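Step one of this worksheet: look at the structure below.
Please treat every number below as a calculation from the coordinates, not as lab data. Everything numeric here is computed off the predicted structure, so don't read it as measured data. Cβ placement follows ideal geometry from the backbone for every residue including glycine, while neighbour counts extend to all protein chains displayed.
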Amino acid sequence: MKTVLTYGTFDLFHIGHVNLLRRAKALGDRLIVGVSTDEFNARKGKSTLVPFTHRSEIVRSCRFVDLVIPECDWKQKADDIQTYQANVFVMGDDWQGKFDDLGALCEVVYLERTKEVSSSSLKQAISVFMQLKNELSV
């Protein structure tokens, strides 16, 4: 059995997330997804609109995903590769080169991101919308 492992925050779950999970699953038989905890995101200086328990359940419900695990820190990836006997480690190409050191443990693949969609751009659009709404209602 070929196991694929990937990680992400998965805030404001969108088509880019679906595409990543679909393409990651196609690389093996089993897909394990590490979802960043709220505490880990805070240490990274990131905030989410959707809490960890909800994000985990959303990812778990995706038909491409076989197992969801919490991502608690940067260093756990090597341990998770060994624990879950992962053959392939997958990340979006915005992380290109950042995890090449894991190549000593398994194959490392960077998948192209879906163009023009990201949680960050969705959050920015929501923020602009809310600001305009507030200005128009004054």
Quickly work out the Thr83-to-Arg43 label distance, labels modelled 7 Å from Cα along the C-beta direction, and quote it in nm with one decimal.
1.4
Label point 7 Å beyond Cα of Glu116 along Cβ direction - residues of the range 1-37 with amide nitrogen under 14 Å:
16
Applying 1/(1 + (r/R0)^6) with R0 = 35 Å to the Cβ-Cβ distance of Arg63 and Leu105, what FRET efficiency is obtained, to the nearest 0.05?
0.80
Placing +1 on each Lys and Arg Cβ and -1 on each Asp and Glu Cβ in the chain, then taking the dipole about the Cα centre, the residue among Phe99, Ala26, Leu5 whose Cα reaches farthest towards the positive end is Ala26
